[in-house]
Amino acid sequence: MYVEASAPGKMILFGEHSVVYGKPAVVLAIDRRAKVYAEKRTDKKVFIDADNLGFSGYFEGDEYHAVRGKAWRGRNLAALNVSARKTMEYLGVEGGVNLKVRSMIPIAVGLGSSAAICVTTVSAVERLFDAGLKNEEISKLAFEGETIIHGKPSGVDNNVSTYGGVLSYDKENGIKRHKLEKNIPFIIGNTKKKRSTKKMVENVAALRERNPVEMEKILNSMGLIAESGLDALMKANINRIGDLMDLNHGLLSAIGVSTMKLEILCHTSRNNGALGAKLTGAGGGGCMIALAEEPDIPNIERAIRRRKSESYRVSLTDKGVESKWVEEAYADS
Ligand code: PMV
């Protein structure tokens with residue numbers, strides 16, 4: 001028997017970068033999920049099979065031993081090892097686990113893949129030991145795993161992946177959960193260019209250092225847009241959300257985090273009927289999102305694909321982390 005756990009990825013609708021300076025961000029769980037199958041081992045190894053990504057191996061303590069793929073891949077997998085071990089430590093159990101990872105969330109493009117995998121791992125392991133942890137505990141333990149990848153994550157990704165739904169966050173007030181009455185479909189355009197969030201955040205910090213007065217005004221405007229954006233989202237006012245996405249994107253371009261490809265994808269989406277389009281996440285590559293009425297969605301997807309990018313239609317989801325016992329791994333994948 002295995003435990004199967006799954007958790008959603010996310011997209012930032014408003015407020016990336018300005019959130020670093022205390023402004024609010026609005027983050028949505030999307031119906032692309034990470035899955036982990038877990039079973040107990042008789043020794044204390046944490047064995048991770050990420051074969052569909054081309055690597056697998058095991059950890060003895062912190063030390064990674066590659067079975068398939070290069071040893072440096074251990075860096076990507078360390079977050080899972082930490083998530084699994086912290087969970088066992090928290091439960092006061094000694095043991096090892098096999099983890100089989102399958103994710104529908106593209107990696108390193110701002111869709112919350114690492115947080116989702118950490119949340120999923122914690123959830124699978126706690127269920128394996130029948131611990132009955134609360135979501136709050138799962139989210140906290142996953143945060144420790146994610147710290148391995150991101151250094152100083154804000155805490156939004158692990159929360160949105162644990163609870164699903166819509167979250168707003170700012171440094172002073174922390175995380176607030178919101179209930180959305182009506183689902184709104186979005187289109188994601190993935191440039192497939194991986195980027196480092198840390199580097200993009202550093203670039204913005206340097207720009208702010210050189211231009212403090214102007215940057216203050218831009219960041220304040222982004223904060224205002226995120227506040228209005230949350231209000232428009234709650235009212236499902238899609239025309240207004242679209243306008244605010246365009247405005248937010250313009251300011252993100254102004255602070256240098258857009259790229260030629262992201263600009264092309266945003267413009268092509270608007271030209272094909274999108275009500276609004278913006279980059280999402282750290283920028284410098286990664287993904288953009290577009291909002292459109294139903295009849296325009298296929299055209300926009302096709303236009304994005306013609307620009308040699310991936311396109312996914314996503315729905316928002318209230319379904320946070322889940323786990324259950326199953327007879328075999330991958331039965332329904
Ligand atoms: O692209 P992501 O999912 O890593 O999001 C980055 C969001 C930033 O605001 C740029 C950084 C942060 O820590 O909030």
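The values are calculated or read from the model by the stated rules, or taken from the named source; none is laboratory data. If you're wondering where the values come from, they're calculated on a predicted model, not measured in any experiment. With ideal geometry, Cβ positions are generated from the backbone for all residues, glycine too; neighbour counts draw on all protein chains shown.
Selection over the stretch 79-100 of residues that are in a loop (DSSP other than H, G, I, E, B) and closer than 20 Å to residue 60 by Cβ gives a count of 3.
Scanning the stretch 112-132 for residues that are touching a Ser or Thr at 6+ places or on another chain (Cβ under 8 Å) and under 21 Å from residue 54 (Cβ atoms) gives 113, 116, 117, 118, 120, 121.
Any chance the stretch 270-285 includes a residue that's at positive phi, within 16 Å of the ligand (Cβ to nearest atom) and surrounded by fewer than 17 Cβ atoms within 10 Å (Cβ to Cβ)? Scanning the stretch 270-285, I find no residue that is at positive phi, within 16 Å of the ligand (Cβ to nearest atom) and surrounded by fewer than 17 Cβ atoms within 10 Å (Cβ to Cβ), so the answer is no. Among the residues of the stretch 41-64, are any of a type in the set (D, E, K, R) and either touching a helix residue (DSSP H, G or I) at 6+ places or on another chain (Cβ under 7 Å) or touching a residue at least 60 places away in the same chain (Cβ under 8 Å) (or both)? Looking through the stretch 41-64, none of the residues is of a type in the set (D, E, K, R) and either touching a helix residue (DSSP H, G or I) at 6+ places or on another chain (Cβ under 7 Å) or touching a residue at least 60 places away in the same chain (Cβ under 8 Å) (or both).
Output the residues belonging to the stretch 299-333 that are part of a helix (DSSP H, G or I) and surrounded by 15 or more Cβ atoms within 10 Å (Cβ to Cβ). Even if it seems obvious, please write down each step before you answer.
In the first step, residues of the stretch 299-333 are kept if they are part of a helix (DSSP H, G or I); the result is 299-306.
Correct list: 299, 300, 301, 303, 304.
Could you list, in sequence order, the residues of the stretch 167-202 that are surrounded by 15 or more Cβ atoms within 10 Å (Cβ to Cβ), within 14 Å of the ligand (Cβ to nearest atom) and in contact (Cβ under 8 Å) with a residue 60 or more places away in the chain? Across the stretch 167-202, the qualifying residues are 167, 168, 169, 170, 188, 190, 191, 193, 195, 197, 200, 201. Say we look at the stretch 137-158 and pick out the residues that are closer than 30 Å to residue 269 by Cα and either at pLDDT 95 or above or surrounded by 24 or more Cβ atoms within 10 Å (Cβ to Cβ) (or both); which of these is nearest to the ligand (Cβ to nearest atom)? Taking the candidates together, the pick is 157.
For residue 282, the requirement of being closer than 18 Å to residue 316 by Cα and under 23 Å from the mean Cα position of the chain (by Cα) is not met. Residue 86 meets all of the listed conditions (1) at pLDDT 90 or above; (2) within 27 Å of residue 223 (Cβ to Cβ); (3) out of contact with any Cys (no Cβ under 8 Å at 6 or more places or on another chain) but one, namely (2).
With the condition being more than 27 Å from residue 98 (Cβ to Cβ), I'd like the strands (runs of 3 or more DSSP E) fully within the stretch 1-75 carrying at least 1 qualifying residues. Give the steps one after another, and end with the answer.
Details: elements: 2-14, 25-41, 46-50, 55-60, 63-68.
Passing ranges, in order: 2-14, 25-41.
Set side by side, the residues 243, 296 differ, and just one is within 25 Å of residue 156 (Cβ to Cβ) and surrounded by fewer than 19 Cβ atoms within 10 Å (Cβ to Cβ), which is 243. Scoring residue 164 on the criteria (1) within 17 Å of the chain's Cα centre (by Cα); (2) surrounded by fewer than 17 Cβ atoms within 10 Å (Cβ to Cβ); (3) away from the ligand (no atom under 12 Å from the Cβ); (4) in contact (Cβ under 8 Å) with a residue 40 or more places away in the chain leaves a single failure, condition (2).
Of the residues 29, 5, only one is under 15 Å from the mean Cα position of the chain (by Cα) and either surrounded by 21 or more Cβ atoms within 10 Å (Cβ to Cβ) or within 15 Å of the ligand (Cβ to nearest atom) (or both); which? Break it down stepwise before answering.
On the way: 5 fails: under 15 Å from the mean Cα position of the chain (by Cα).
Testing whether each residue is under 15 Å from the mean Cα position of the chain (by Cα) and either surrounded by 21 or more Cβ atoms within 10 Å (Cβ to Cβ) or within 15 Å of the ligand (Cβ to nearest atom) (or both) leaves just 29.
Which residues, counting only those in the stretch 8-26, are farther than 25 Å from residue 128 by Cα, buried (at least 21 other Cβ atoms within 10 Å of the Cβ) and small (Gly, Ala, Ser)?
Of everything in the stretch 8-26, those that are farther than 25 Å from residue 128 by Cα, buried (at least 21 other Cβ atoms within 10 Å of the Cβ) and small (Gly, Ala, Ser) turn out to be 15, 18, 25.
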